[in-house]
Amino acid sequence: MKKTALLNAAISQVIATMGHGDTLVIGDVGLPVPPGVPLIDLAVTRGVPGFLTVLETVLSELQVEFHVVADELAQVSPMLAAQITALELAGKRSVSHENFKEQTRRARAVIRTGECTPYANIILGSGVVF
């Protein structure tokens, strides 16, 4: 049995196969998933699981070199933006929501949470541990 916080086999497999610069998306219930990008659907009901819970758990296994959020997050959902900032993730990039959705086309996978907070989406860029 795994000793780390992340128990989801599909997420663990994606992280284990990611290379430097590959991306993984964690999104709210409304984020569209581009055709061809694998979806790991964790949503059970509104708010379950929450975006931050999933993000913090993924961060326990994934080495992050950069992250991308939508410009709109800070204005529409400032409390969530502050919570993400408090995680002190490397290399913040902020782009329009339209550009964000375009970038999801290149992701290794999209993890769908039950989050219903507007713009509760993040792209995590894989770093290296050496």
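The values are calculated or read from the model by the stated rules, or taken from the named source; none is laboratory data. Just so you know, these numbers come straight off a predicted model, no measurement behind them. Neighbour counts run over all protein chains shown; Cβ positions are idealised from the backbone, glycine included. Please note that ligands, DNA and RNA were not included when accessible areas were found on the heavy atoms of the full protein model with its side chains. Shrake-Rupley method; radii C 1.70, N 1.55, O 1.52, S 1.80 Å.
State the number of residues belonging to region 87-124 that are free of Cβ contacts under 8 Å to residues at least 60 places away in the same chain and either acidic (D, E) or more than 21 Å from G19 (Cα to Cα) (or both). Looking only at that region, the number is 9. Of the residues in region 15-22, at least one is open to solvent by less than 60 Å² (accessible area, probe 1.4 Å), in contact with a strand residue (DSSP E or B) (Cβ under 9 Å, 6 or more places away or on another chain) and on the phi > 0 side of the Ramachandran plot. On inspection, A5 does not qualify as open to solvent by 40 Å² or more (accessible area, probe 1.4 Å), modelled with pLDDT of 95 or more and farther than 20 Å from R93 by Cβ. Among the residues of region 47-85, write down those that are part of a helix (DSSP H, G or I), open to solvent by 60 Å² or more (accessible area, probe 1.4 Å) and closer than 20 Å to I11 by Cα. The answer is T53, E56. A count restricted to region 110-130 and to residues that are of a type outside the set (K, R) and open to solvent by 30 Å² or more (accessible area, probe 1.4 Å) stands at 8.
Just to be sure before I move on: is A107 among the aliphatic types (A, V, I, L, M), open to solvent by less than 40 Å² (accessible area, probe 1.4 Å), over 30 Å from F130 (Cβ atoms) and at pLDDT 95 or above in the structure I sent? The answer is no for A107.
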